[in-house]
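Colleague: This is the structure I have questions about; it appears just below.
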Amino acid sequence: MRRAARAAALVLALTLSFVLARADTVPPDISSMQVTRTDEGVFLSANLQFELPGQVEDALRQGIPMYFIAEAQVQRERWYWSDQQLGVATRYYRITHQPLTRRWRLHISNSAFTGGSGTGLALGQSYEQLEDAIAAIQRIYRWKILESGQLGSTSGVSVQLRFRVDLSSLPRPLQIGALGRSGWNLQLSRTQTLEAAP
């Protein structure tokens, strides 16, 4: 009888510790998103909330560059046909660890990174901590997603922001191992209607 009570208490304690550990983690979300239209174009600002999946962070700490993609899709709703796509803007992120300087390097580009080590045309910045580099990714400010001439009327226009880990840019052996595994999965999405101009 005592053995069963101890086993039940152990199971309860393990379950509670698991639940409390899961409560500490923040579910991935786009906490705020603002789309503004000016004479210069349509701009997107957003705050992303996520923690790196365990395997992504492990790969980064082992010196493997990680790639992320933010994609904003602007479309107009049509009742008589499928939605009209007005434009798509994509932003690419690359985080690498530089072991000699013990710093993290973040590159941000509007075009895909070419080849294994090439960065194309990218804005790069160094950070002391990985958390600081991730915080820079999580803040999107005044990203121009559409030219003003492409929009016309704002009636029925919505913007969908998607953010994910780019598994296709990983080295081939990691791509095979990462497919279908939740330890590599990070996807966020939010849609917002564009307010009519005053």
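Colleague: Would you be able to say whether some residue in the range 30-49 is without any contact (Cβ under 8 Å) to a residue 60 or more places away in the chain and farther than 24 Å from Lys144 by Cβ?
Modeller: Checked the range 30-49: no residue is without any contact (Cβ under 8 Å) to a residue 60 or more places away in the chain and farther than 24 Å from Lys144 by Cβ.
Colleague: Something else now. For the range 158-198, give me each residue that is β-branched (Val, Ile, Thr), loosely packed, with under 15 Cβ neighbours inside 10 Å and at pLDDT 90 or above.
Modeller: If we filter the range 158-198 for residues that are β-branched (Val, Ile, Thr), which is where we start, we get 159, 165, 176, 191, 193.
Those still in the list that are loosely packed, with under 15 Cβ neighbours inside 10 Å too: 176, 191, 193.
Of everything in the range 158-198, just one residue is β-branched (Val, Ile, Thr), loosely packed, with under 15 Cβ neighbours inside 10 Å and at pLDDT 90 or above, namely Thr191.
Colleague: Pull out all pairs, ordered by first then second residue, where Cβ-Cβ is under 6 Å, the residues are six or more apart or on different chains, the first lies in the range 72-96 and is more than 14 Å from Arg164 (Cβ to Cβ) and touching a residue at least 40 places away in the same chain (Cβ under 8 Å), and the second is of a type in the set (Gly, Ala, Ser) and part of a loop (DSSP other than H, G, I, E, B).
Modeller: Arg76/Gly156; Glu77/Gly156
Colleague: Output the strands (runs of 3 or more DSSP E) that fall wholly within the range 31-106 and possess 3 or more residues being under 16 Å from Gln187 (Cβ atoms) and of a type outside the set (A, V, I, L, M), or say none.
Modeller: The qualifying strands (runs of 3 or more DSSP E) are 66-76, 84-98.
Colleague: Going residue by residue through the range 152-168, is there one that turns out to be assigned to a loop (DSSP other than H, G, I, E, B), closer than 25 Å to Gln55 by Cβ and touching a helix residue (DSSP H, G or I) at 6+ places or on another chain (Cβ under 7 Å)?
Modeller: If we filter the range 152-168 for residues that are assigned to a loop (DSSP other than H, G, I, E, B), which is where we start, we get 152-156, 166.
So of that shortlist, the ones also closer than 25 Å to Gln55 by Cβ come out as 166.
Remaining after also requiring touching a helix residue (DSSP H, G or I) at 6+ places or on another chain (Cβ under 7 Å): none.
The answer is no; no qualifying residue exists.
Colleague: Which residues, counting only those in the range 113-136, are modelled with pLDDT under 85 and within 24 Å of Gly63 (Cβ to Cβ)? Let's see the steps before the verdict.
Modeller: Here is the first cut: in the range 113-136, the ones modelled with pLDDT under 85 are 113-123.
Matches in the range 113-136: Phe113, Thr114, Gly115, Gly116, Ser117, Gly118, Thr119, Gly120, Ala122, Leu123.
Colleague: Which residue out of Val88, Val56, Val35, Val42 is surrounded by 12 or more Cβ atoms within 10 Å (Cβ to Cβ), farther than 15 Å from Ala135 by Cα, within 13 Å of the chain's Cα centre (by Cα) and of a type in the set (Val, Ile, Thr)?
Modeller: Working: Val88 fails: within 13 Å of the chain's Cα centre (by Cα); Val35 fails: within 13 Å of the chain's Cα centre (by Cα); Val42 fails: within 13 Å of the chain's Cα centre (by Cα).
The unique qualifying residue is Val56.
The values are calculated or read from the model by the stated rules, or taken from the named source; none is laboratory data. The shown structure was predicted, so the numbers you read here are calculated from the model rather than taken from an experiment. FYI the Cβ positions are ideal-geometry reconstructions off the backbone, even for glycines, and counts take in every protein chain you see.
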